Amino acid sequence: MPKLLIVDDEIDVREFAANFFRKRKIEVSTAASGEEAISFLEKNKPDLVLLDIKMPGIDGIETLRRIKQIDNSIKAIMVTGRKPEEEQAFETCKKAGALDYVHKPLQLDELERIVLKNIK
């Protein structure tokens, strides 16, 4: 069963996405912060991380860098409420190793397509 880690400081976003993917036979874990995600990843290896860029504490970009230091083979997709093109955030994420990004509010068909394409 594929394993997905969802990292987002908004509980409704985490739970919404987690329930959506559990229905698709994906094992889902969640983390409320970058720090929580890092400590989870020191003990577990998901197939894919869905990572919010804007979080209090260490943000998604720094979390991504630390994930890649722990295990460079872990795949990550960034989640943003802004258009990354506007501030070069996605370029930074790509350089740090992100595969793709999705916008909030989450469009389930887009989210499903991107996650299922990358989790296999």
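Just so it is clear, none of the values below were taken in a lab; they were calculated from the coordinates. Just so we're clear, the structure is a prediction, and the values are computed from it rather than from any experiment. Neighbour counts run over all protein chains shown; Cβ positions are idealised from the backbone, glycine included.
The residue pairs whose first member lies in the stretch 11-39 and is of a type in the set (Val, Ile, Thr), whose second member is loosely packed, with under 15 Cβ neighbours inside 10 Å, and whose beta carbons are closer than 6 Å, counting only pairs six or more residues apart or on different chains, are 28/22. Among residues of the stretch 43-61 that are closer than 12 Å to residue 5 by Cβ, those with a beta-carbon under 9 Å from a residue that is crowded, with 22+ Cβ neighbours inside 10 Å and polar (S, T, N, Q) at least six positions away or on a different chain give the pairs 49/63; 51/63; 52/63. Residue-level analysis places residue 92 outside the set of residues that are among the hydroxyl-bearing types (Ser, Thr, Tyr) and touching a residue at least 40 places away in the same chain (Cβ under 8 Å).
Residues in the stretch 17-38 that are in a helix (DSSP H, G or I) and more than 14 Å from the chain's Cα centre (by Cα): 3 in all.
Against the numbered list (1) closer than 20 Å to residue 119 by Cα; (2) surrounded by fewer than 17 Cβ atoms within 10 Å (Cβ to Cβ); (3) among the small types (Gly, Ala, Ser), residue 57 comes up short only at (1). For the stretch 27-49, the set of residues classified as in contact with a strand residue (DSSP E or B) (Cβ under 8 Å, 6 or more places away or on another chain) and either farther than 16 Å from residue 79 by Cβ or of a type in the set (D, E, K, R) (or both) consists of 27, 36, 40, 41, 44, 45, 47, listed by residue number.
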